[in-house]
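**Student:** Dumping the structure here so I can ask a few things about it.
The values are calculated or read from the model by the stated rules, or taken from the named source; none is laboratory data. Everything numeric here is computed off the predicted structure, so don't read it as measured data. Here the Cβ positions follow ideal geometry from the backbone for every residue, glycine too, while neighbour counts run over all protein chains shown.
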Amino acid sequence: MRTCKIYRNKNNKTKKNNKKHKKIKPKKVNGEIFFKDHPEFRPNLSPKQIFKMGSFGGTYWRPIKSKFFKETLKNKHKKYPKSWWKTIPEEHLTTPFDKYDAKINKYGKKVGTTLQFWQEKGWIDKQDPYGWVQWYCEFYLGRRSTDDERQISRFNKLTGPKGRFRKWLVTQILKKGTKKDWNNYNISPAIRQTLQHWGYKLTKGDFNKEVKQRK
């Protein structure tokens with residue numbers, strides 16, 4: 001079982017190696033979300049945006065049975081700012097997994113696998129039993145832990161500038177359309193949906209940069 005240390009005290013300050021640090025707030029820089037203590041982590045969607053745009057078929061914050069806890073986990077999203085959920089219907093957050101509604105998703109595609117699969121692969125940590133997005137919610141609000149490096153690495157391998165899904169999306173756009181189709185949602189909607197679940201939406205700038213690097 002993976003266990004992680006969390007660096008945060010009662011005053012909402014982080015603590016590591018007996019040194020106190022002020023809570024680090026993310027900033028928008030050139031369309032990306034920038035964390036000064038982790039400049040290698042550059043999502044461009046906030047947790048609120050991920051859900052507002054339509055994600056996980058409405059099921060992400062459903063009640064779950066986790067291998068780490070005896071009791072059923074539920075209402076975990078309610079610990080986060082109410083402003084995140086103010087305009088999002090509850091059924092877009094807590095729908096049971098067997099009622100996954102792809103129509104809720106921005107790109108209309110069902111993507112992803114079961115929580116059980118992720119647990120069996122060892123990708124879920126006890127501190128964030130719902131998975132990567134729960135980790136991102138906590139990180140976005142200032143929590144820091146020993147699991148951050150792993151989770152940021154996962155993001156970059158899938159979604160970062162060299163991430164396999166991001167690069168594959170560009171490949172499919174060039175294969176099925178033209179450079180003008182970078183924002184054509186009919187091309188690879190499932191890949192776009194997956195990237196959204198990881199806090200990223202392809203931009204014209206990122207598309208052009210990737211195309212230029214391939215020449």
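**Student:** Can you tell which of P43, P39 is assigned by TED's automatic domain parsing to the domain that holds T146 and farther than 28 Å from A190 by Cβ?
**Tutor:** On inspection, the qualifying residue turns out to be P39.
**Student:** Go through the range 163-197 residue by residue and tally those that are small (G, A, S) and part of a helix (DSSP H, G or I).
**Tutor:** 1
**Student:** Right, here's the next one. Which of the residues spanning the range 111-138 are surrounded by 15 or more Cβ atoms within 10 Å (Cβ to Cβ), more than 18 Å from R150 (Cα to Cα) and not hydrophobic (A, V, I, L, M, F, W, C)?
**Tutor:** Correct list: G112 only.
**Student:** Name the single residue that is nearest to L158 (Cα to Cα) among those in the range 198-215 being in a helix (DSSP H, G or I) and hydrophobic (A, V, I, L, M, F, W, C).
**Tutor:** F207
**Student:** One residue is enough: does the range 82-103 have a residue meeting the conditions in contact with a Gly (Cβ under 9 Å, 6 or more places away or on another chain), more than 21 Å from F165 (Cβ to Cβ), surrounded by 14 or more Cβ atoms within 10 Å (Cβ to Cβ) and at pLDDT below 95?
**Tutor:** Within the range 82-103, none of the residues are in contact with a Gly (Cβ under 9 Å, 6 or more places away or on another chain), more than 21 Å from F165 (Cβ to Cβ), surrounded by 14 or more Cβ atoms within 10 Å (Cβ to Cβ) and at pLDDT below 95.
**Student:** Based on this model, can you work out whether Y136 counts as under 14 Å from the mean Cα position of the chain (by Cα), within 23 Å of R166 (Cα to Cα), at pLDDT 95 or above and aromatic (F, W, Y)?
**Tutor:** Taking the combined requirement at face value, the residue satisfies it.
**Student:** In the range 161-182, how many are within 17 Å of N105 (Cβ to Cβ) and over 17 Å from the mean Cα position of the chain (by Cα)?
**Tutor:** 1
**Student:** On to the next question. Quick check: is even one residue across the range 25-35 closer than 14 Å to C137 by Cα, touching a helix residue (DSSP H, G or I) at 6+ places or on another chain (Cβ under 7 Å) and either at pLDDT 95 or above or part of a loop (DSSP other than H, G, I, E, B) (or both)?
**Tutor:** Within the range 25-35 (the criterion being closer than 14 Å to C137 by Cα, touching a helix residue (DSSP H, G or I) at 6+ places or on another chain (Cβ under 7 Å) and either at pLDDT 95 or above or part of a loop (DSSP other than H, G, I, E, B) (or both)), the answer is yes, since at least one residue qualifies.
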